[in-house]
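Just so you know, all these numbers are worked out from the coordinates, no wet-lab data involved. Model, not experiment: these values are computed from the prediction. Every residue, glycine among them, receives a Cβ derived from its backbone with ideal geometry; neighbour counts consider all protein chains shown.
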Amino acid sequence: MTGFAGLWAEDGVMEFPFAPPGYPSRLEGRAAIEDHLRDYPKMLDIRGFPKQVVHQSADQDVVVVEFDAEGVVVATGKPYRFSYIAVITTGDGGIVSYRDYWNPLYVQELA
């Protein structure tokens, strides 16, 4: 996750438009994003991305990505497969905006 966070520009932003209560809806700066992602592997052991579709936009700095992540929920050992859509804008220094559209109802099923 540290490597993933390293893709952001120093002042990049990560947003979660559908974040449920108790989850952040916006992270500002690479350090905040890295801090947020640091413990992710303690919750989910991601083992692959079996679906990956990249849609180009009219703006060469923006892509829309559909992907599935699969792995194991660390606390329960249950299999994990979840679909994501992200709108990613790049600029000087890396990712300047990453809007992560995920289904917050799925979080309830992880327990």
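Overview of results
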read-out: Correct choice for Rg and Dmax of the Cα atoms in Å that was computed from the model, options [x] 20.7, 58; [y] 13.1, 39; [z] 14.1, 43; value: [z]
read-out: Segment R81-D45, length gained on full extension (0.36 nm per residue, minus Cα span); value: 11.9 nm
read-out: Inter-label distance for D61 and V74, nm, one decimal - labels placed 7 Å from Cα along Cα-to-Cβ; value: 3.5 nm
read-out: From phi via Karplus (6.51, -1.76, 1.60), per-residue ³J(HN,Hα) for the range 40-46 in Hz, x at Gly/Pro; value: 3, x, 6, 9, 10, 9, 6
read-out: Simple Cβ-charge dipole of the chain, Lys/Arg +1 and Asp/Glu -1, about Cα centre, in debye nearest 20; value: 460 debye
read-out: Residues in the range 77-101 that a label on Q52 would reach, taking backbone N under 20 Å of a point 7 Å out along Cα→Cβ; value: 80-91, 94-101
read-out: Student exercise, the range 39-81 dipole from Lys, Arg, Asp, Glu Cβ charges, in Debye to nearest 20; value: 320 debye
